[in-house]
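A short write-up of the structure that comes next.
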Amino acid sequence: MKHIISLVIRFIPRKYLQLFSHFFLRIISVFYKGKNVSCPVCHSHFRKFLPYGRKPPRENALCPQCLSLERHRLLWLFLKNETDFFSAPHKLLHIAPELCYIDRFEKLSNLDYITADLESPLAKVKLDVQQMSFNDNHFDIVFCNHVMEHVTDDHQAMREIFRVLKPGGWAIIQSPQDYGMQQTKEDPTIKNPSEREKAFKQRDHLRLYGLDYGQRLSKAGFTVEEIKYAAKLNEQEVQKHCLPADEIIYLCKKFPVS
């Protein structure tokens, strides 16, 4: 299973995985039923989660029912426990929407919910995050996760998210990181997909962020809070949901001009 999943996510375009993978995985989920792990997003229980990732796949990563990964489960708990996301009225822009969230967010009566992406078949609005058609100060919340490593000008994309946020609004902007690197690694001269995979860990990535990622977000205008949320949870909860211990949640706030 590990090798199959690794090959599939390396070589099948993401838009096709989004359309079809959940049908296959929900059949597999029957064989993973148990009580050892649980998904806080879909409330399903399994003896273990599926492996997921490239060279080598991570153990206990993918929920076969809703397709949440470790980072999705961590963010769900953060939104539930630390924000009013599920209760207060919000106008939400969700860029590159994750399948595990879409249906659940659409059912929330407190949200005015818009999904958007350049390629994703799951999104309702087609847009380039580097040049969005929305007016200034339009959204209360923006989610844009695992996008910045793909765009040509990530600084411009970050500024665009800042622009469309209302003063007092906030965004979650996650990206893959190497926590052992201080500085982001990028080289626009690397064009070959195989070379990009060697340099940035994935064939379609244009950079690999280091610990300076929060500083890059700050340059766009945000006040950035870097939160290691798993450290705030008890160890039993972290293990039960298979949460990423090192994941930093970047809470990006747009404060009103005084």
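The values are calculated or read from the model by the stated rules, or taken from the named source; none is laboratory data. Please read these numbers as outputs of a predicted model, since none were measured by experiment. All Cβ positions, even for glycine, are placed from backbone atoms using ideal geometry, and neighbour counts span all protein chains on display. In case anyone asks, the SASA skips ligands and DNA or RNA and just uses the protein heavy atoms, side chains included. Shrake-Rupley method; radii C 1.70, N 1.55, O 1.52, S 1.80 Å.
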**Item:** the chain, accessible surface, carbon-and-sulfur percent (1.4 angstrom probe)
**Value:** 52 percent
**Prompt:** Roughly what % of DSSP beta bridges within the chain run antiparallel, to the nearest 5?
**Reply:** 50 percent
**Message:** At 7 Å along Cα-to-Cβ for each site, give me the label-to-label distance between A231 and D187 in nm.
**Reply:** 3.2 nm
**Message:** Using the Cα centre of the chain as origin and beta-carbon charges of +1 (Lys, Arg) and -1 (Asp, Glu), tell me which of H72, S109, F86 is placed farthest towards the positive end of the dipole.
**Reply:** H72
**Message:** Going through the cross-link list K228/K253; K124/K228; K185/K232; K80/K232, which pairs have a Cα-Cα distance over 23 Å in this structure?
**Reply:** K124/K228; K185/K232
**Complete:** Measure of exposure for T152: accessible area at 1.4 Å probe, Å² rounded to 10, is 110 Å²
**Request:** State to the nearest 20 debye the size of the charge dipole of the range 81-120 about its Cα centre, where the only charges are +1 on K and R beta carbons and -1 on D and E beta carbons.
**Result:** 140 debye
**Message:** Only helices at least 20 Å long along their own axis, judged from Cα atoms, and with Kyte-Doolittle mean hydropathy of 1.0 or greater: name those in the chain from DSSP H.
**Reply:** none
**Prompt:** Nearest 20 debye, what's the magnitude of the dipole of the chain about its Cα centre given +1 on Lys and Arg Cβ and -1 on Asp and Glu Cβ?
**Reply:** 820 debye
**Request:** Please find the FRET efficiency linking Q130 to H45, where r is the Cβ-Cβ separation and R0 is fixed at 30 Å, and quote it to the nearest 0.05.
**Result:** 0.15
**Prompt:** Any idea of the accessible area per residue across the range 125-166, 1.4 Å probe, to the nearest Å²?
**Reply:** 42 Å²
